[in-house]
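One structure is given below, encoded as structure tokens.
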Amino acid sequence: MIDKDRVLIFDTTLRDGEQSPGATMTHDEKIEIAGLLDEMGVDIIEAGFPIASEGDFKAVSEIAKLTGRATICGLARANYKDIDRCWEAVRHAKSPRIHTFIGTSPLHRAIPNLDMDQMAGRIHDTVSHARNLCDNVQWSPMDATRTEHDYLCRVVEIAIKAGATTINIPDTVGYTAPRESSDLIRMLLERVPGADTIIFATHCHNDLGMATANALAAVEAGARQIECTINGLGERAGNTALEEVVMALKVRHDIMPYRTGVDSTRIMNISRRVATVSGFPVQFNKAIVGKNAFAHESGIHQDGMLKNAETFEIMRPTDIGLSETNLVMGKHSGRAALRSKLRDLGFELADNQLNDVFVRFKDLADRKKEVYDDDLIALVRQNDAAEDRLKIKTLRVVCGTEGPQTADLTMEIDGEEKTVHMTGDGPVDATFKAVKALFPIKARLQLYQVNAVTEGTDAQATVSVRLEEDGRIATGQSADTDTVLASAKAYVNAINRLLVRREKSAPGADTKGVSYKDAG
Ligand code: KIV
Ligand code: ZN
């Protein structure tokens, strides 16, 4: 029985989100994010693409074994081998789901070179096969929004008859506008026999900035599952952002009377974790979770806020789990205070991790009078791991009007200390050259980004560095009151992550190496 007021939230951060170049997460990070999604009340977690790599298979299987509440879903192309592998991974879950798909638009049909009838046959066979394995089967006509309507109705009917319980309508290239999005769902509900017995899902990409609007428009027309990712993570411009649809349905319940099962007070915590582990920082003015989403700087706004918060605020910071106070910590704060503060910020650290952060916190508090929430978050994000092959020991940089700028760097590489002196075009250039001189690497620098964590000249700088090598992408981050040192640590962090990726993935064996077009 379908509850007409309830919208299911299907999170695909670990599958479509992780497909974003550079957003690769480690196994443990995936398990952690799945746990947070489950705790916050997401209905379905798409945990990965099991055939894509051994790593994806293991992550999906383990998430299936560990997760308590949510349905665990895996992705499979329209062939028996993918579907069997997917079932192998998800079958351990209390509630497993197989999600199989094929591109149905003219452009996508041309790739496996199937005509309309051949593709219809393939859909019938693969959905039936999935349904023989699992009671819960989702089917997606990829690029549905650019598929001829008559053909879309025909294949959706075939998938329903073959046993699909959810039909997902992807706007794969983010081409649709809101009115089209609702018209399409309405048309399918009206024309396809059996459409009232299944759930329609909406899966939107944000290429034209309309993903959230399109998802909500589809819900108004009768879709009852929204596919989304935390922070809108995803390929190109990303997917529908979970936090946006959940909060839109909550704040505008007056005109969109639908419920989700998500505890919105968990949003900020998971948003921060996903930003950290994916290496994709959230833009400052991002709806709901951006640093400025609840900041009121202009005099008129601040005055209004002090008199009545509702003048300029349509939701409260606490609705998404932001604490109202930004309690300042200082050099006299102890370990217990730090633990409790980090817990408020959503970080549950093991004792050894806390010890590590405490040492860095004391060091920062010696250099900086007041340590704010954002400073602490930046400290926790410095994910130097014991197994890192490269570690910075000392760095001394000379810069200023009299060139050349120089860097003297000592690093520990695979346990051995090495030192170098380099000149460069500015202090950061000299430092990066020094790292490369000690550890030659042909990776290309794709992104170098510096942000101040808080105000003031003693603010910490957070630096993100993205490297690319033979199609593998790794992002490193670090923070320090010394911008050049933060840059060096972020660069070394990116190299360490790249080395892990090198080891884990033979070229072509990971998610990015699997062609979605290869449905055969
Ligand atoms: O965007 C898309 O079409 C997808 C499918 C695999 C569902 O992510
Ligand atoms: Zn997608």
Legend entry - Residue check, Phe200 surrounded by 20 or more Cβ atoms within 10 Å (Cβ to Cβ) and farther than 30 Å from Arg466 by Cβ: yes
Flagged in the range 185-213 as more than 19 Å from Val245 (Cα to Cα) and either assigned to a loop (DSSP other than H, G, I, E, B) or within 16 Å of ligand 2 (Cβ to nearest atom) (or both), in numbering order, are Val192, Pro193, Gly194, Ile198
Out of (1) at pLDDT below 90; (2) surrounded by 14 or more Cβ atoms within 10 Å (Cβ to Cβ), the one Lys489 does not meet is (1)
Over the range 470-487, the set of residues polar (S, T, N, Q) and in contact with an Asp or Glu (Cβ under 7 Å, 6 or more places away or on another chain) is Thr481
Is it the case that the range 4-20 has a residue that's within 16 Å of ligand 2 (Cβ to nearest atom), within 19 Å of Ala76 (Cα to Cα) and over 13 Å from the mean Cα position of the chain (by Cα)? yes
The residue from Ile98, Ile83, Ile33, Ile63 that alone is free of Cβ contacts under 8 Å to residues at least 60 places away in the same chain and over 30 Å from Thr147 (Cα atoms) is Ile63
query = Looking at the range 94-104, is at least one residue assigned to a helix (DSSP H, G or I) and in contact with a helix residue (DSSP H, G or I) (Cβ under 6 Å, 6 or more places away or on another chain)?
reply = no
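Rundown of residues vs (1) out of contact with any helix residue (DSSP H, G or I) (no Cβ under 8 Å at 6 or more places or on another chain); (2) more than 16 Å from ligand 2 (Cβ to nearest atom); (3) in contact (Cβ under 8 Å) with a residue 24 or more places away in the chain, yes/no style:
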position: Leu114; (1), (2), (3): no, yes, no
position: Met119; (1), (2), (3): no, yes, yes
position: Val155; (1), (2), (3): no, yes, yes
position: Lys161; (1), (2), (3): no, yes, yes
position: Ile169; (1), (2), (3): no, no, yes
Per the filter on the range 203-236, residues among the hydrophobic types (A, V, I, L, M, F, W, C) and within 11 Å of ligand 1 (Cβ to nearest atom) are Cys204, Ala211
Result of the Cβ filter at 8 Å on the range 212-226, keeping first residues that are among the aromatic types (Phe, Trp, Tyr) and partners that are surrounded by 23 or more Cβ atoms within 10 Å (Cβ to Cβ) and modelled with pLDDT under 95, at least 6 apart or interchain, is none
Ala237 vs. criteria within 16 Å of ligand 2 (Cβ to nearest atom), assigned by TED's automatic domain parsing to the domain that holds Cys204 and modelled with pLDDT of 95 or more
yes
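Yes/no matrix, rows are residues, columns are (1) assigned to a strand (DSSP E or B); (2) farther than 26 Å from Leu376 by Cα:
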residue: Asp388; (1), (2): no, no
residue: Lys393; (1), (2): yes, no
residue: Leu409; (1), (2): yes, yes
residue: Glu412; (1), (2): yes, yes
residue: Ala437; (1), (2): no, yes
residue: Lys442; (1), (2): no, yes
residue: Thr462; (1), (2): yes, no
residue: Asn496; (1), (2): no, no
- Query: Would you say Lys58 is basic (Lys, Arg), touching a helix residue (DSSP H, G or I) at 6+ places or on another chain (Cβ under 7 Å), in the same structural domain as Thr166 (by TED's automatic domain parsing) and under 23 Å from Asn239 (Cα atoms)?
  - Reply: no
If we ask which residues in the range 164-178 are farther than 17 Å from Leu189 by Cα and in a loop (DSSP other than H, G, I, E, B), their number turns out to be 6
Within the range 90-132, of all residues that are touching a Ser or Thr at 6+ places or on another chain (Cβ under 8 Å), among the polar types (S, T, N, Q) and farther than 13 Å from Ala78 by Cα, the one surrounded by the most Cβ atoms within 10 Å (Cβ to Cβ) is Ser105
Looking at the structure I just gave you, is Gln446 touching a strand residue (DSSP E or B) at 6+ places or on another chain (Cβ under 8 Å), more than 20 Å from Lys291 (Cβ to Cβ) and assigned to a strand (DSSP E or B)? yes
Filtering the range 11-50 down to residues that are more than 13 Å from ligand 1 (Cβ to nearest atom), part of a loop (DSSP other than H, G, I, E, B) and surrounded by fewer than 24 Cβ atoms within 10 Å (Cβ to Cβ) yields Pro21, Gly22, Ala23, Met25, Thr26, Gly41, Asp43
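The values are calculated or read from the model by the stated rules, or taken from the named source; none is laboratory data. Computed from a predicted structure; not experimentally measured. Neighbour counts run over all protein chains shown; Cβ positions are idealised from the backbone, glycine included.
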